[in-house]
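A short worksheet on the structure shown next.
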Amino acid sequence: MKKIVYFDNAATSYPKPKTVLKAMKYYFEKVGGSPGRSGHRMSISASRLIEDVRETVAKVFNCPDTSRIIFTKNITEAINICLFSLLKSGDNIVTTSIEHNSVMRPIRYLEQNGISVSIVNCFPDGSIDPNAVSRKINKKTKLVISTHASNVIGTILPIEEIALITKEKNIPFLIDCAQTAGAIPIDIDLQKFTNCILGFTGHKGLLGPTGTGGMCIGTDVNISSLIHGGTGSNSDKDIQPDFLPDKLESGTINIVGIAGLKAGIDFLINEGIPKVREHEKNLVNIFIKNTDQIKSIKIYGTKDPDKQIGLISFNVKNLSPSEVCFLLDYKYSIMSRTGLHCNPNAHKTIGTFPDGTVRFSFSYFNTVDQVKKSILALKELSMNKYN
Amino acid sequence: MDGVITFFSSQQVIKAEKVLKKAGFKIMLIPGPREISPNCGVALCFEFEKQIEVQLNLKDNNIIFEKIHYFPEVKKISKWIE
């Protein structure tokens, strides 16, 4: 069995730092209790742990108030909470043409219920003109939502410029950081951009386990809950508390997962997110430099490592994306992601719908040697060896 | 200890514990006495004579609490753990 090369970190990161597993084991063995549910020491220890995690998350997202950091089971849940809370019939939402289905599907559902949708077209390399966002905003616009970076071609969007536009117009701006949290520094200061919400997932760039995610909510945004229930607080009343984080965290939180998430983020903070960014950028650079001259390989996106995160979409002439994915796995032990990446709109934008592309997505644990190995594999595939 | 601070949210109790411990106050977290608050499951015991300093400290750190109580019944707990 060949050594596995894992290039599907945009789906979920692998491997995780060993400390993640240790932290989860520590919770099960030594902490054990349910946070906020009792006054005994195990429950209090669990509450302390959760607050420590909020403080750690706050460092990554420049969030000044830990009570405005909400944990959910993933970013999809956080996005749904925001959309369903902030929009009602007659309102308008502005978004981009490269959004993931975690954004587009709830938006299309809301559209059937009287909410108008304005989509700003991105260029074929995934980039966007922030002024085009501004032009789409009208008096009925109650939310702008944009990905921070495309999950299909990696293009980084100018979220700070959109944050400035929306702040000026006093409209909440939800930023989908699914692909960027932990992978690149997030240049949105929630102390300044009080209209912004940063949604994150725990199991990708932040190196935590699946089942973790959440959002950091700016102080000008008031979000109500989709899920109502027990919080450990206001137990004498049968109505939902109106304070954060309890208002948005009903039911027992995924504390073992969140304990692991803290260890993932601590690892990144110790290494330094700018260092992680440089490493992944270097891998992208090596890949692009060595494949750009191969005529039968077509790379999509900006082809500029400064303008994209650590992922690349490409196709190999005369092979379908799924054939390439299969051959990479079975002949070279390279794990890639094929198809439409839960994002038909982005593929329409870049001109690869309905066939899709093959995607490599790197992590801090991938090496230059692995990328070189993948380039050799692709060279072999491009020579029609398996046609 | 003869003072008790009650909170709405358990997150705020933990925040309070952190900042007050750091500032050197003698404190302890206990199950919230039902007589004074039905809100959060945990309350914070402290020495009531320090109430002004404690209150200022919490305010400076934007910690939201429900109420500060003089609650001498809690002395029992202090004795139990001596």
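The values are calculated or read from the model by the stated rules, or taken from the named source; none is laboratory data. The model shown is predicted, which means the values in this text are computed figures rather than measured ones. Cβ atoms come from the backbone with ideal geometry, glycine included; neighbour counts cover every protein chain shown.
A few points about this structure:
- When the residues of segment A:349-368 are filtered to those that are touching a residue at least 60 places away in the same chain (Cβ under 8 Å) and outside any loop (DSSP other than H, G, I, E, B), the one that is farthest from residue A:325 (Cα to Cα) is A:349.
- Of the residues contained in segment A:161-168, one or more are found to be away from chain B (no Cβ under 14 Å) and among the basic types (Lys, Arg).
- Residue within segment B:14-26 that is on the phi > 0 side of the Ramachandran plot and part of a loop (DSSP other than H, G, I, E, B) present: yes
- When segment A:163-183 is filtered for residues that are touching a Pro at 6+ places or on another chain (Cβ under 9 Å) and surrounded by fewer than 22 Cβ atoms within 10 Å (Cβ to Cβ), the ones remaining, listed by number, are A:164, A:165.
- Among the residues making up segment A:22-36, those that are surrounded by fewer than 20 Cβ atoms within 10 Å (Cβ to Cβ) and in a loop (DSSP other than H, G, I, E, B) are A:32, A:33, A:34.
- If you filter segment B:1-33 down to residues that are of a type in the set (Gly, Ala, Ser) and more than 11 Å from chain A (Cβ to nearest Cβ), you find that the one that is surrounded by the fewest Cβ atoms within 10 Å (Cβ to Cβ) is B:24.
- Residues satisfying the stated conditions in segment A:215-230, i.e. under 19 Å from residue A:57 (Cβ atoms) and either surrounded by 23 or more Cβ atoms within 10 Å (Cβ to Cβ) or within 12 Å of chain B (Cβ to nearest Cβ) (or both): A:215, A:216, A:217, A:218, A:219
- Residue in segment B:34-45 that is over 25 Å from residue A:244 (Cβ atoms), part of a loop (DSSP other than H, G, I, E, B) and within 11 Å of chain A (Cβ to nearest Cβ) present: yes
- Scope segment B:9-58; condition farther than 19 Å from residue A:36 by Cβ and aliphatic (A, V, I, L, M); matching residues: B:23, B:52, B:54, B:56
- Counting only strands (runs of 3 or more DSSP E) wholly contained in segment A:40-156, the ones carrying 3 or more residues that are surrounded by 17 or more Cβ atoms within 10 Å (Cβ to Cβ) and within 14 Å of chain B (Cβ to nearest Cβ) occupy A:69-72.
- A single member of A:19, A:12 is outside any helix (DSSP H, G or I), at pLDDT 95 or above, under 30 Å from residue A:287 (Cβ atoms) and away from chain B (no Cβ under 14 Å), and it is A:12.
- Hits in segment A:236-248 (condition: surrounded by 15 or more Cβ atoms within 10 Å (Cβ to Cβ), within 9 Å of another protein chain (Cβ to nearest Cβ) and not aromatic (Phe, Trp, Tyr)): A:241, A:244, A:245, A:246
- For segment B:63-82, the criterion of being more than 28 Å from residue A:68 (Cα to Cα), among the β-branched types (Val, Ile, Thr), within 12 Å of chain A (Cβ to nearest Cβ) and assigned to a loop (DSSP other than H, G, I, E, B) is satisfied by at least one residue.
- Hits in segment B:1-13 (condition: touching a residue at least 24 places away in the same chain (Cβ under 8 Å) and assigned to a helix (DSSP H, G or I)): B:10, B:12, B:13
- Checked against the criterion of being free of Cβ contacts under 8 Å to residues at least 60 places away in the same chain and either more than 13 Å from every other protein chain (Cβ to nearest Cβ) or in a helix (DSSP H, G or I) (or both), the candidates A:251, A:260 yield just one match: A:251.
- The condition (being in contact with a helix residue (DSSP H, G or I) (Cβ under 7 Å, 6 or more places away or on another chain) and either outside the structural domain of residue A:74 (by TED's automatic domain parsing) or not hydroxyl-bearing (Ser, Thr, Tyr) (or both)) is satisfied by just one residue among A:321, A:274, A:241: A:241.
- Residue that is farthest from residue A:319 (Cα to Cα) [pool: residues in segment A:267-296 that are in contact with a Ser or Thr (Cβ under 7 Å, 6 or more places away or on another chain) and at pLDDT below 95]: A:294
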